[in-house]
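Notes follow once the structure below has been shown.
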């Protein structure tokens, strides 16, 4: 079983539209959305939720008033200033570090597990989907990403599926690291701008650090063809493959408005054929077909 993770250096590059389009073209696969902070793959796939599970991502301190002597040690030790003068813990400011509990002489501080979000197993018109929703202002998104990736792998193995197509989060932070670790390959979606080139370099370095093979797709390439050429040159320098260029077309937006992929919206269009061709290149790449993984060279 292989796993392809579609990522980008920033939000809004079109990775979710591309992930959904790939889902409509793939066979014998399972879908996963690891962008738990701002999940939106479900907006295109209209999933029917079959399972709902709570995500317990950590604990927050609670001071037991009847046991508290008011010594003030917890307030003094809290580097997040989460404890008020009347010894009430602000659950927003509390980081759950546990220092106050460890040093409380009266053992008057409890750590209560908190529900930080939910994760789901759903069915869609393109196959099963494992996805999640992190609560507002909650942390541990990396832990939630790892959880749903593990659940996706378990279900894919149980159903004897060949491929997991994962719509990953943008950037290079903890959720991205949790999304790509152990994946068969990543596809980096990039726009032809100076910042897009810089973002691609950072994501490529992250993939290289974890020895994850990477490919690149340039979206809206015709808005700046000179920059698109620069991106292709940089991609080649970094030892990656550019699997395709997608032109700018408002049809992508029109398709999203109707809750469809571009392949469903206008299957005979040149745009749909381009996406189909890119999927064919990605699916037939050595990273998703060979038994042994190909290791990226170290980026200098």
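The values are calculated or read from the model by the stated rules, or taken from the named source; none is laboratory data. Here the structure is a predicted model, which means the values were calculated and not measured. Here the Cβ is made from the backbone with ideal geometry for all residues, glycine too, and neighbour counts use every protein chain on show.
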Original post:
For the subset of segment 200-221 comprising residues that are in a helix (DSSP H, G or I) and touching a strand residue (DSSP E or B) at 6+ places or on another chain (Cβ under 7 Å), which member is farthest from residue 271 (Cα to Cα)?
Top reply: 207
Original post:
Considering only segment 81-125, how many residues are within 27 Å of residue 20 (Cβ to Cβ), modelled with pLDDT under 95 and touching a helix residue (DSSP H, G or I) at 6+ places or on another chain (Cβ under 7 Å)?
Top reply: 1
**OP:** Would you confirm whether any residue within segment 72-91 is under 17 Å from the mean Cα position of the chain (by Cα) and either outside any strand (DSSP E or B) or under 16 Å from residue 164 (Cα atoms) (or both)?
**Re:** no
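Okay, residues lined up against (1) assigned by TED's automatic domain parsing to the domain that holds residue 13; (2) buried (at least 18 other Cβ atoms within 10 Å of the Cβ); (3) touching a residue at least 40 places away in the same chain (Cβ under 8 Å):
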| residue | (1), (2), (3) |
| --- | --- |
| 129 | yes, yes, yes |
| 137 | yes, no, yes |
| 148 | yes, yes, yes |
| 151 | yes, yes, no |
| 158 | yes, no, no |
| 175 | yes, yes, yes |
| 184 | yes, yes, yes |
| 192 | yes, yes, no |
Original post:
Of all residues in segment 279-300, which are surrounded by fewer than 16 Cβ atoms within 10 Å (Cβ to Cβ), modelled with pLDDT of 90 or more and in a helix (DSSP H, G or I)?
Top reply: 280, 281
Original post:
Mind checking which residues of segment 222-238 are in a helix (DSSP H, G or I) and either surrounded by 13 or more Cβ atoms within 10 Å (Cβ to Cβ) or not assigned by TED's automatic domain parsing to the domain that holds residue 189 (or both)?
Top reply: 222, 223, 227, 228, 229, 230, 231, 232, 234, 235
**OP:** Assess whether residue 21 counts as being assigned by TED's automatic domain parsing to the domain that holds residue 165 and within 30 Å of residue 290 (Cα to Cα).
**Re:** yes
Original post:
Is at least one residue of segment 68-86 surrounded by fewer than 19 Cβ atoms within 10 Å (Cβ to Cβ) and within 30 Å of residue 212 (Cβ to Cβ)?
Top reply: no
Subject >> Residues located in segment 163-182, provided they are more than 12 Å from the chain's Cα centre (by Cα) and not in a strand (DSSP E or B) >> reply: 182
